[in-house]
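One structure below.
Here, each number is a calculation from the coordinates, and none is a lab measurement. Small disclaimer: the values here were computed from a predicted structure and weren't measured. As a convention, Cβ positions derive from the backbone with ideal geometry for all residues, glycine included, and neighbour counts pool all protein chains shown.
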Amino acid sequence: MVRVTNTGISGVFSPTGDVIDSLTPFHEETKVIAVPLVKIETFYQKYGDLFAWACVTFLVLLLGISFLHKDETCRTMSKESLKI
């Protein structure tokens, strides 16, 4: 990963977080660095939008349960209010 900042550490970092090379903070510098490419398959490359669709499905289920629970609560409360 290459990280370039105006404030902080600019440099090249490995996928494990090790510093491969960096520039001196708060100094104007330039460097030519060979950046190694790593072929790692990410979750998104492997499964696509599966996580997003799982979140949407979970949200719809929660909303459905909350509406069903709300209806039961309203019916119970209206029956109790008639007894008064």
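Structure above, values below:
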quantity: Centroid-to-centroid separation of the range 6-34 and the range 39-64 [C-alpha atoms, Å]; calculated: 34
quantity: FRET efficiency, Phe13 to Ala52 (Cβ-Cβ, R0 30 Å, nearest 0.05); calculated: 0.60
quantity: Nearest-0.05 FRET efficiency for Ser66 and His27, computed from C-beta distance (R0 41 Å); calculated: 0.15
